[in-house]
Amino acid sequence: MTYTEGTPERGLQKLAGKYGGAAAIMLANTTVVQVTIIVIIGTIFGLIPGGPELLDTKTDIGFIFMLALNEIAAYTVPMITMYALFYRELKFEKTIYEPEMRYDRFFGETALLFAAGLGVSTALSIATSFISSFLNTVFGIPETKVAFDSMMPRDLVTYTAFEIVLCIVGPVCEEIIYRHILLRPLRRYGDMTAALITALFFGLSHFNFDQFLYTFSFGFFLAVITLRSGTIIPAVICHALNNLAAGVQIYLPETLGNAVLDGALRSLADIFTAVNSIFVFGGILLIIVVIVTRLLQLKNRSGIPPAKQIAIVFSNPLLLVCIAVSLVVTFVNLYIV
């Protein structure tokens, strides 16, 4: 392996600065850019004759317009700016690792990692709910609200649009950002470091306490799936399946719930609860298998121990500041979301 920056440690230090920049992009986009874009375009749309009525989220067109606008604002700026930031590293990395793509790992291995990831993530999500309830009871800290409460679909048309965004747009864009743009440059040093750091970015990017442990652990397994297969395609599929299950379990009852469907919806919810329980307990066994047979095979290409790699990355001041601010924003969101 050739390190144009000198030693592997020096090269990783320079790369850590870019990850600090990526964290700043993520934070700025969520707190400033995304809000600004939505406000400006929403205001312009509201000035158009008939626009104010369409912006009412109870109407199909208005809901779909605001949903599409939200997704454009959420992903466009980070994808463009982060790709520009890591262009040199991505170009260099492609010449080295592209031949490692393993399509034969799409099914059996991916299914194992996906099931294990769901099991561990679901268990951590349950633990988070207990922690959230404890903090609410003892300290009065509000419990996290459902992420899309403010844009809940009202009928089948808006629900279909919502699911398209949730299961196609979101997974594709997020996998490009986190398992391609952010993951690939770190592969040059070590797979474990790449998986853990990008999983942390993925967890923090939701700015939601209730989702952090789930998204962090699930993001780690998606990173491992990508590293093992050499492409983001299986991770996109797994991500989409996860979001589809969440959309059916959480949002479909809210959309279609009525006296006629209540019984069927409750049965559907019970089925998902049972499936979640299976994933929790089955995942504990699967994770042991995964650790022994798969995770220990992650490569360390730099010769630097993974713990030291992570320490070098987190020695970057900008990255530490952005993480601290992200945690503050996450806490503030408990009160304003």
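Figures for the structure shown
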{"quantity": "Glu98 of a type outside the set (A, V, I, L, M, F, W, C) and at pLDDT below 75", "calculated": "yes"}
{"quantity": "Meets criteria (in a helix (DSSP H, G or I), closer than 30 Å to Phe65 by Cα and out of contact with any Asp or Glu (no Cβ under 8 Å at 6 or more places or on another chain)) for Ile197", "calculated": "no"}
{"quantity": "Elements of type helices (runs of 4 or more DSSP H) in the range 227-337, at least 1 residues being modelled with pLDDT under 85 and either within 24 Å of the chain's Cα centre (by Cα) or surrounded by 13 or more Cβ atoms within 10 Å (Cβ to Cβ) (or both)", "calculated": "233-246, 252-256, 262-293, 317-336"}
{"quantity": "Qualifying residue in the range 79-87 (condition: at pLDDT 85 or above and closer than 27 Å to Ala246 by Cα)", "calculated": "yes"}
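The values are calculated or read from the model by the stated rules, or taken from the named source; none is laboratory data. Only a predicted model underlies this, so the values are computations on that prediction, with no experimental measurement involved. When we count neighbours, we look across all protein chains shown, and the Cβ atoms used for this are built from the backbone with ideal geometry, even at glycine.
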